[in-house]
Every structure is written in C-alpha cells, then in structure tokens.
C-alpha cells in the first residue's frame, strides 16, 4: 500500500477532495435503503400517492448526486494518477537509458522489457476505479454504524462478515505475492526468447535453430501457464468466495431480521433496508479482495524498479573543459570484467599529445573493443585513470565528453528513425549542407541517391534492414557529425568493400590533418604496414608497445609508451 499512499500524498489537496467526495457519495448512498423502508412502512401502510412521489423524487436526486460525487472522485483519482504514472513510466525508461553500460549489459533482454511492462502493471493496479474502491473500504463503518442504530443484532452479524471479508482480502494479497513473482520471472524469460526469435531471425532459419527455440519456448510456456492457472484459480476462488460471502450475509441478515420482525422489535421495511445497508458495507471489501492479483503484480514490479534503481547510473554532471585540445593519457589503468579471474589488461601507461595517432591491435578477445569503450566513457577502469587534457575522465560530464569524440564501434547499432536522424543524433542542429558533406565523406552518396526516401530512409530494428557495409558507413557519418577532437574507431575496415575502406581511411586522414587525436583498434595487418609503432593487446596482462626498426625509441619507462604521434 506504500505506492497508494505515495500517490495520494503527492497531491494532498486532491486527496482531501477525494475524501470529501467519498464521504458525500457514501452518505447519499443511504438514500436507497431509507427509501425502501419509507415506502414499505409509510406508503404501503397508508397508500398516499403524494408521499410516494416525494420519496421517489428525493431518492432519484440523491442517486444522481451520488453518481456526480463518484464521478468527481474518479476524475480526481485520474488526475492524481496522471502525473504519477507519467513520472513512473519516464523513470523506468530513464533507468533503462542512463544505467551504466557494464551494469545494463548483465541483465537479460527479457528482464529489461519486463521492467518497462512493470510500469503498466502498476498503472493497472492503481487505476482510478481501484483507488475509488480503496476509498470506499473505510466507509463500510458508516453503513455498519447506521445498521447499529437500526438493529444492533444485525449490525453485529454484518460486522462479522465484513471483518471476515477483509481478512480474506489481506490473505489473498499475501498469498499472491510468490506465485505472481514467479510468473513475472517466467514472463521475462519468454520475452527473452521472443526477442531472440525476432532479432536473430536469420540465424534461427539458417542454422535450423527453430527447434532449439521451440523446446525452450515450450518449457517456459508450460511453466508460465502452470503459474497462470494457479493464480487464476486462486483469483477465481476469491471471487466465488466473495459472492458466497455476500449471499450468506444476505441469508443471515434476512434470518435475523425475520426473527426480529416476528418478535415485534423490527418491521419488514427496516429488515429490507438493513439488507441493502449490509450489501453496501460488504461490497467494497469484496471488490478490494478481487484486486489482489493486480496488487501482487504491482508490488513485484515496484520491487523490480527498486532493484534497478540500485544499479549504477551515468553521471549527469561533471566538468566541461574549455578549449579541449585532444590530449589523452592513461595512468596505471587496468580493467577486469565482473566475474573474471584475471584482468583483461593492467598497468597501462600512455600519453598522447593533441593530434597524435595511436593504433591498438590484437586478436579477437584481446580487448580492442573494450579499450575503445573505455575511451568513449562507456566503461570505467577497474583501477587507474584515463586523463583528457589532464583531467580524470571520471570527473568529466559524460554528455560533454560524447560531444568531443567521434566514435565508430565495431558493431554499430541504430535507433528506429530516419537516416538523417540517426546520423545527426549527437548533433541535432546539423544543417542540410553539413549533412550532405557527412554523406559524402562516409561514401553514402549512391545509397542515398538510390533510395526513394533519400535522407528520410527509415532505419528499423537497429539497422537490421541494412547491409553491414551500409551500417558501418552510416556509423562513420554519425561519428563524424560530432566534429570532436578525438576519433575512436574500432575495426575501421571490417565489413567494407575497397571503396568503403577507402572512405574510412580518407576520413581518418582528414581528421589527422585537422589536428584530431586518432585512436584506431584493428586486427587488419594492412593497416599496420606503415605504422612505426603500435600497442599489442595480445601481450597479457600488460600490453606491449611494438617498435619497428626505424621507430625512434621513447625516453619514457612507461609499460606502454606512446609519446607523440603514431601515423597510419
């Protein structure tokens, strides 16, 4: 219920208005049983039509006013929920997009999807109608109080049924927690399988992976449906039990009332009115019990949100350097992946002057992409520092730093949107002339000219609708769009034909002539032919600087010295 109170106290004025509307609506609800009693006791006994007319008009007005106050309360509840639900949904997506890469990469895809779906489950559990039901629960005491004034014996009977119904509600909430949590976990695994089938559709078909996925799907679906049947069965039992409690209470009220009528201590009109009051008292309790499944799902989603909130976030503040020159240095830098027994590399000491070029090489798994991600600020060193113009990268504002780098990852991914939107992602104010220049530098001119949509060509599914070569050219244009002072390029020629490779090399040379600091990560032997020295990441755990015979020895004793420029 913590979420309920958080919502209500976020708008205290509206909460007071909802309490007032609930009070008036429930007081007006007394009109119906009073009408029944008056008709049976006064009109039936005396047959005065004017009395019936007056009573009928009065109760109709009361019903209309009750409806109005309930509608007002529902609208107030919707207003309370509106801002809160938006904040919840935005917060869930913000967590997904601002959590540090190393932390979010460890989460299964299905679990990430369930986090966003969890916001919808919370909204469903605490919708305006459910909030109205919760507000009606305390007013069961109002109807019991009126019953006590009418007939204490019936009031005691009804109190017993209301207490029993409330206990059923609490027990159902508690017993639903574990199976609901298990079902949510099964749903996350199913979501992961769906994601695999969609994202790796070609792999599934090319390598006959359908049978493998179907086996896992059948297993997870069987588990999910067993849990679903269990929860549905419990919920169905609670609903049936609620109806049975209402029926039994009606029997008890009529039976006790009948004895009171025979004894002469109660009239028939009061007995029928008491039955209506009893139903009004128990109704919100039964509805509350039926909300147990939704509440259990919402609780699990909230617990999941809290766990996600504990994950480390990227900083939203930090230093923004003025006049950044492009100088980069590593000081005793080391990195170890979580759970790994040995560091990927350690004791890395490098110094690059502005405008320098340095090549990192190594086999698959040697850490080229990891080093590139460290420089891009997507990963944090396990030990040591990466300095930019002498300032620790950990103290620099990430958003500012991403605007200073031209980053081309080995496996580029894109957002669903147009070609132009993806290229100008880091520089949304890019004008048409600059966009046209970037298209040319990346060798995309023929692709754009042949596309019917031109710059508006849609990119969907992370770029899966495009060939690897086109994706890497788009990624190159996107990297160049920032116009930063540092170029970080991972496997520059991978997946490209000779024309595409030349476009990348031309872009590197252009950036070098413009005084940019360039860091290249590659296993392409052709790119190393004219390199005087480069960093070999195959040397473990301390990377090794390989010097060509013509290279001038460095005067530094750093484990990986790279003073000055390294040309390609």
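Throughout, read-outs are computed from the coordinates displayed, never taken from laboratory work. Computed from a predicted structure; not experimentally measured. Heads up, the Cβs are rebuilt from the backbone with ideal geometry, glycines too, and the neighbour counts pull from every protein chain shown.
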>> To make sure I understand, if each residue's beta carbon is the centre and we count other beta carbons within 10 Å, what order do 307, 353 fall in, fewest to most?
In response: 307, 353
> With a 10 Å Cβ neighbour count serving as the proxy for reagent exposure, in which order, fewest first, do 317, 416 appear?
Replying inline: 317, 416
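Looking at the chain only, what percent of DSSP beta bridges run antiparallel? Nearest 5 please. Each step should come with its number before you reach the end.
On the way: 19 of 36 bridges.
So the antiparallel bridges in the chain amount to around 55 percent.
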> If you count, for each residue, the other Cβ atoms within 10 Å and average over each peptide, how do 42-55, 212-225 line up from highest to lowest?
Replying inline: 212-225, 42-55
> What share of the DSSP beta bridges in the stretch 328-547 is antiparallel, in percent to the nearest 5?
Replying inline: 55 percent
> In nm, to one decimal, how far is the modelled label at residue 385 from the one at residue 229, with both set 7 Å along Cα→Cβ?
Replying inline: 6.3 nm
> What's the extension gain from residue 120 to residue 364 if we count 0.36 nm per residue and subtract their Cα-Cα distance?
Replying inline: 83.7 nm
> What does a probe at residue 41 reach in the stretch 245-281, counting residues whose amide N is under 11 Å from the point 7 Å along Cα→Cβ?
Replying inline: 266-274
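Give, in nm to one decimal, the length gained when the segment between residue 320 and residue 141 is fully stretched (0.36 nm per residue of separation minus the Cα-Cα distance).
Stretched fully, the residue 320-residue 141 segment lengthens by 58.3 nm.
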>> Using alpha carbons only, how many angstrom separate the centre of the stretch 344-416 from the centre of the stretch 491-519?
In response: 18 Å
> So how tilted is helix 152-175 from the main axis of the chain? Cα-based, degrees 0 to 90, rounded to 10.
Replying inline: 20 degrees
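Could you calculate the FRET efficiency of residue 102 with residue 149 from 1/(1 + (r/R0)^6), where r is the beta carbon distance between them and R0 is 51 Å, rounded to 0.05?
Details: r = 67 Å, r/R0 = 1.31.
Using R0 = 51 Å, I get an efficiency of 0.15.
If you take the alpha carbon radius of gyration of the stretch 2-309 and divide it by 2.2 N^0.38 Å, what ratio comes out, to two decimals? Kindly include the intermediate steps, with their values, before the conclusion.
On the way: Rg = 25.5 Å, N = 308, 2.2 N^0.38 = 19.4 Å.
Scaled against compact globular proteins, the figure is 1.31.
If you average 1/r across every pair of different Cα atoms in the chain and take the reciprocal, what Kirkwood value do you get, in Å? The partial results should precede the final answer.
Working: mean 1/r = 0.0339 Å⁻¹.
Radius from the Kirkwood sum: 29.5 Å.
Would you please give the FRET efficiency between residue 171 and residue 248, computed as 1/(1 + (r/R0)^6) with r the Cβ-Cβ distance and R0 = 25 Å, to the nearest 0.05?
Efficiency, from the Cβ-Cβ distance: 0.90.
Can you order the peptides 88-99, 25-36 by their average number of other Cβ atoms within 10 Å per residue, highest first?
Details: 88-99: 15.5, 25-36: 19.7.
So the order, starting with the most tightly packed, is 25-36, 88-99.
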>> Based on alpha-carbon atoms only, what is the radius of gyration of the stretch 33-189 relative to the globular estimate 2.2 N^0.38 Å?
In response: 1.63
>> Starting from 0.36 nm per residue, how many nanometres of slack lie between residue 415 and residue 164 once their C-alpha separation is accounted for?
In response: 85.0 nm
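For the stretch 395-492, compute the orientation-averaged projected area of the C-alpha convex hull (one quarter of its surface), in nm². Display every interim value, and only then the final one.
Details: hull surface 25.2 nm².
So the Cα hull casts an average projection of 6.3 nm².
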>> At 7 Å along Cα-to-Cβ for each site, give me the label-to-label distance between residue 263 and residue 214 in nm.
In response: 7.2 nm
